[in-house]
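Peer 1: Before I ask anything, here is the structure I am working with.
The values are calculated or read from the model by the stated rules, or taken from the named source; none is laboratory data. From a predicted model like this one, the values you see are computed outputs, not experimental measurements. Methodologically, a virtual Cβ is constructed for each residue, glycine included, from the backbone with ideal geometry; neighbour enumeration extends over all protein chains shown. Side chains included, ligands, DNA and RNA excluded: accessible areas come from the protein's heavy atoms. Shrake-Rupley method; radii C 1.70, N 1.55, O 1.52, S 1.80 Å.
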Amino acid sequence: QVYFDQIIAGTKTQEFREVKPTTVKKYIELDDEGYEKEDEDGNAIPIKYDAIQFYVGYNKDRDSALVEVKDVYTEMFVDEDGNLITYQFEGCDWIAEQVVYNLGKVLEKNIHSK
C-alpha cells in the first residue's frame, strides 16, 4: 500500500522488476533461440510497455492504477568490486539484473473507500 500511495502521489517515479529465469519472457526481448537481445553496450533490451497496471493486495475489491511508463532500461547487479553478480539456474549461468521503469502520470485509478 505504501509504494502504491507514493506512485499515485507522484513521489515514487521508478518501479523495479528483478529479471529471473522464470520471468525473463515478461521483461526482456528474446531472440528466436530464447536468448536475451542486447544493445550495443551489451545491456539486455527490455520490453517496452506504454503503461503498467498496479494493484494493492489480492482482494477482489482492491485499489488499482494504470500508470504511464516514460522510459525503461536494464541494470546489471555488481558486487562491491564492480564484478557482475551471476548465479546458476538449471545448469545455466545467469547475470543478476533488473528492469527499471521511469513512471509518468497516473492514467486511471480505482480507489476503494477504506
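Peer 1: Please list, in chain and number order, the residues 5+ apart from K12 or on another chain whose amide H is under 5 Å from its amide H, with Hs placed from the backbone.
Peer 2: I7
Peer 1: What pairs from K20/K60; K48/K105; K26/K70 go past 24 Å between their alpha carbons?
Peer 2: K20/K60
Peer 1: Still on this structure, I have one more. Defining a contact as two alpha carbons under 8 Å apart and six or more residues distant in sequence, what relative contact order in percent does the stretch 1-78 show?
Peer 2: Value for the stretch 1-78: 23 percent.
Peer 1: While we're here: Any idea what the relative contact order of the stretch 40-114 is, in percent, if you count C-alpha pairs under 8 Å spaced at least 6 apart?
Peer 2: Contact order relative to length: 33 percent.
Peer 1: For the stretch 1-55, run through the chymotrypsin sites (Phe, Trp or Tyr not before Pro) and keep only the ones in DSSP coil with at most 14 other Cβ atoms within 10 Å of their Cβ.
Peer 2: Those satisfying the criteria are Y35, Y49.
Peer 1: In the stretch 53-96, which residues have a backbone nitrogen under 17 Å from the label point lying 7 Å from H112's Cα in the Cα-to-Cβ direction?
Peer 2: Counting only backbone N, you get 54-66.
Peer 1: Moving on to the next point. How large is ³J(HN,Hα), in whole Hz, for each residue of the stretch 39-53 in order, when computed from phi with the Karplus curve 6.51 cos²θ - 1.76 cosθ + 1.60 and θ = phi - 60°, using x for Gly and Pro?
Peer 2: For the stretch 39-53, the Karplus curve yields 7, 5, 9, x, 8, 4, 8, x, 5, 8, 10, 6, 7, 10, 8 Hz.
Peer 1: Show which aspartates and glutamates lie in cross-link reach of K12 when reach means a straight Cα distance below 16 angstrom and same-chain residues fewer than eight apart are skipped.
Peer 2: Partners found: E68, D71.
Peer 1: As an exercise, use a Förster radius of 25 Å and the Cβ-Cβ distance of V2 and L66 to find the FRET efficiency, rounded to the nearest 0.05.
Peer 2: The computed FRET efficiency comes out at 0.85.
Peer 1: Just from its helices, what would the mean residue ellipticity at 222 nm be for the chain, if runs of 4 or more DSSP H residues each count -39500 (n - 2.57) and the sum is divided by every residue, rounded to the nearest 500 deg cm²/dmol?
Peer 2: Only helices count here, giving -2500 deg cm²/dmol.
Peer 1: Considering only protein heavy atoms and a probe of 1.4 Å, how much of the accessible area of the chain is carbon and sulfur, as a whole percent?
Peer 2: Carbon and sulfur together cover 46 percent of it.
Peer 1: Let me ask something additional. Stokes-Einstein at 25 °C, 0.890 mPa s, Kirkwood radius from Cα pairs: D for the chain in µm² s⁻¹?
Peer 2: 155 µm²/s
Peer 1: Using alpha carbons only, how many angstrom separate the centre of the stretch 66-114 from the centre of the stretch 1-43?
Peer 2: 4 Å
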